[in-house]
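One structure below.
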Amino acid sequence: NMASTGLLVVSNLKHLGKSLRSIEKYVKSLYIHLNVAPTPQSLPPPAWGRLISQLYADSSSYVGNQLDLRVLVTPLKLQQHDARRLILCKSVDLLFSDAHQPELCDRLRTAFNISKPTIFLEDDNTELHLLSSPESANLQVYPNVVLGGTFDRIHIGHKIFLTQAVLRASKRLVVGVTTSAMTKNKVLPELILPVEQRIDELREFLLDIDDTLKYEIVPIDDPFGPTQSDPNLDMIVVSAETLRGGQKVNEIRAKNELRQLDIFSIDIVDSKVNDGIHESKVSSSNTRIDLLGTRWRQPESRSNLPIRPYIIGLTGGIASGKSKMAARLGEMGAHVIDCDKVAHDVYEPDQPCYRKIVEHFGGDILASDGRIDRSKLGPRVFANPQELQLLNSIVWPEIIVEVNKRLACLRVAAQVPQVVVLEAAVLLKAGWETNCHEVWSMIVPPEEAVKRVMERNNLSEAEARKRVANQVANSDIVGKSHVIFSSLWDYNFTQRQAERAWQLLNKELSDGKTHSSL
């Protein structure tokens, strides 16, 4: 059975790729302890920066993103193998070594209370040595180092960035973490984790790799955070693309009569995906893009609903691509109920809903054939929130009554469909999510929605913005969704999202793993 966490003692980098591939089947998380070879003189911790960065960058080629790697910095700073000094956030289940070094392994097994014997991956006496001439970069160590970022779902780029800062700090590391005020223009900002959660995950990672420092991790609402006022900072770590930001920090500090910070810049890590959709660098944006069409959260139990058909509520804002997604799912085998079409049906003159609407809004909303003319009713209710609320209070209950009638018919049909997609723009506003086993949603940025509404409905920008403003906010939609899609990119990419979600659902249904069946 797969254990959760392992510790790998690395003495020979040549075997690292093979070692990681061997270990991947045993653990989900892996600490890496670099077994430092004796050196003529003590090396400054920053001398390990290039090697560790390369290790992280290469690891994705060996095992992708399935293994959470953490290279321990504490032993490098202490220049000794005192296992008792290592304090890790996770309990270690297995110890691995790429060379036969029983004394060190025994100390580590005792320190972490590992009952199972060490797994030796290679029998090689080659010790790990740094290059004879360390990187020419600045190897100076500073008492107080600062850096900042979004740090959404820590990836290898973050690990390199943070490790370079940790290696260069001797006392204190200050980290600014951007709040939602600074992430609105990011890709899929609604999927960014709450700042409190990002700070907690960041603190755990930093304490794991080096518990010798004092960490001050603070939320920031502007690009400069504590650098504008903290007089004790010595150095700032930036990425190559934010170097200008580091220089701007020093301009602000000069105005505030604070000492200038040394700037250390690191290169960004190139992404191995080049599809015109993902960014060319390893980034949190790419991670969020990869979440589309996957299980965002587990569905709640719906004991009030029969297991079959399995009902998916499909929702999203105006011009988000709901109808096209419903059509895709229909082509894959789902039975689609379009609530907008149901609404047309309940608007018919022989329906109770028709009479209630005409009673309130009067005959001037009717077309020449006596039916309700939506082009007359729409502008009136969209211009008056109270009128819109009243219309909804009349129509929504009638729609769900009709939907439930149709679902009842499907349940006694000769062939009951396995999956029903209930497409409804107002699903969440109307509270219909309780009539579904789970919610799938479409989101696009508000500016993109405005642009699409202007083109599709031939509306002015002001009118389009009013329509978009009336929608449920993307963040609220995400908060109640179990699978999320975005049609921001090309047709084929949205299709891949749909296929991924459909395959996932069908596997869960065939395995009996949907929450409603537990």
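The values are calculated or read from the model by the stated rules, or taken from the named source; none is laboratory data. Everything quoted here is computed from the prediction, not taken from an experiment. With ideal geometry, Cβ positions are generated from the backbone for all residues, glycine too; neighbour counts draw on all protein chains shown. Side chains included, ligands, DNA and RNA excluded: accessible areas come from the protein's heavy atoms. Shrake-Rupley method; radii C 1.70, N 1.55, O 1.52, S 1.80 Å.
Remark: LEU207 falls outside the filter, which requires a residue to be touching a strand residue (DSSP E or B) at 6+ places or on another chain (Cβ under 9 Å), touching a residue at least 12 places away in the same chain (Cβ under 8 Å) and open to solvent by less than 10 Å² (accessible area, probe 1.4 Å). Among the residues making up segment 275-289, a single one is under 8 Å from the mean Cα position of the chain (by Cα) and open to solvent by 40 Å² or more (accessible area, probe 1.4 Å): THR287.
Only one entry of THR126, THR118 meets the criterion of being within 16 Å of LEU51 (Cβ to Cβ), at pLDDT below 95 and β-branched (Val, Ile, Thr), and that entry is THR126. Whenever a residue of segment 174-194 is over 19 Å from PHE161 (Cβ atoms), its partners that are of a type in the set (Gly, Ala, Ser), lying with C-beta atoms within less than 8 angstrom and at least six residues away or across chains, give the pairs LEU188/SER285; LEU188/SER486; PRO189/SER180; GLU190/SER475.
In segment 345-353, is there at least one residue being touching a strand residue (DSSP E or B) at 6+ places or on another chain (Cβ under 7 Å) and closer than 19 Å to LEU388 by Cα? Scanning segment 345-353 turns up at least one residue that is touching a strand residue (DSSP E or B) at 6+ places or on another chain (Cβ under 7 Å) and closer than 19 Å to LEU388 by Cα. Of all residues in segment 228-246, those satisfying the criterion of being free of Cβ contacts under 8 Å to residues at least 40 places away in the same chain and surrounded by 18 or more Cβ atoms within 10 Å (Cβ to Cβ) are THR242, GLY246. Scanning segment 310-348 for residues that are in contact with a helix residue (DSSP H, G or I) (Cβ under 6 Å, 6 or more places away or on another chain) and over 28 Å from ILE372 (Cβ atoms) gives ARG328, MET332.
Looking at segment 253-290 only, could you name the residues that are touching a residue at least 24 places away in the same chain (Cβ under 8 Å), more than 26 Å from LEU167 (Cβ to Cβ) and not in a loop (DSSP other than H, G, I, E, B)? Answer for segment 253-290, where residues must be touching a residue at least 24 places away in the same chain (Cβ under 8 Å), more than 26 Å from LEU167 (Cβ to Cβ) and not in a loop (DSSP other than H, G, I, E, B): SER285, ARG288, ILE289.
Kindly indicate the residue of segment 227-256 that is modelled with pLDDT of 95 or more and either within 27 Å of CYS89 (Cα to Cα) or of a type in the set (A, V, I, L, M, F, W, C) (or both) and also nearest to the chain's Cα centre (by Cα) among those meeting that condition. It comes out as VAL238. Contact annotation: residue pairs with Cβ atoms under 9 Å, 6 or more positions apart or on different chains, pairing a residue in segment 103-114 that is without any contact (Cβ under 8 Å) to a residue 24 or more places away in the chain with a partner that is open to solvent by 90 Å² or more (accessible area, probe 1.4 Å) and part of a loop (DSSP other than H, G, I, E, B), are ARG109/SER115; ARG109/LYS116; ARG109/PRO117. When the test is whether a residue is open to solvent by less than 20 Å² (accessible area, probe 1.4 Å), modelled with pLDDT under 80 and under 27 Å from the mean Cα position of the chain (by Cα), VAL63 passes it. Within segment 217-227, the residues that satisfy the criterion of being within 19 Å of ILE252 (Cβ to Cβ) and open to solvent by less than 60 Å² (accessible area, probe 1.4 Å) are VAL218, ILE220, ASP222, PHE224, GLY225, PRO226, THR227.
Taking ILE337, is it touching a Lys or Arg at 6+ places or on another chain (Cβ under 8 Å) and farther than 23 Å from ALA464 by Cβ? Criteria met by ILE337.
Condition check: in contact with a Leu (Cβ under 8 Å, 6 or more places away or on another chain) and touching a residue at least 60 places away in the same chain (Cβ under 8 Å). Does MET332 satisfy that?
Here the answer is no, as MET332 does not meet what is asked.
Taking the criterion of being of a type in the set (S, T, N, Q) and either touching an Asp or Glu at 6+ places or on another chain (Cβ under 9 Å) or surrounded by fewer than 12 Cβ atoms within 10 Å (Cβ to Cβ) (or both), the only residue of segment 247-259 that qualifies is ASN256.
ARG172 falls short on exactly one of the conditions (1) buried (at least 20 other Cβ atoms within 10 Å of the Cβ); (2) farther than 16 Å from THR287 by Cα; (3) not hydroxyl-bearing (Ser, Thr, Tyr), and that condition is (1).
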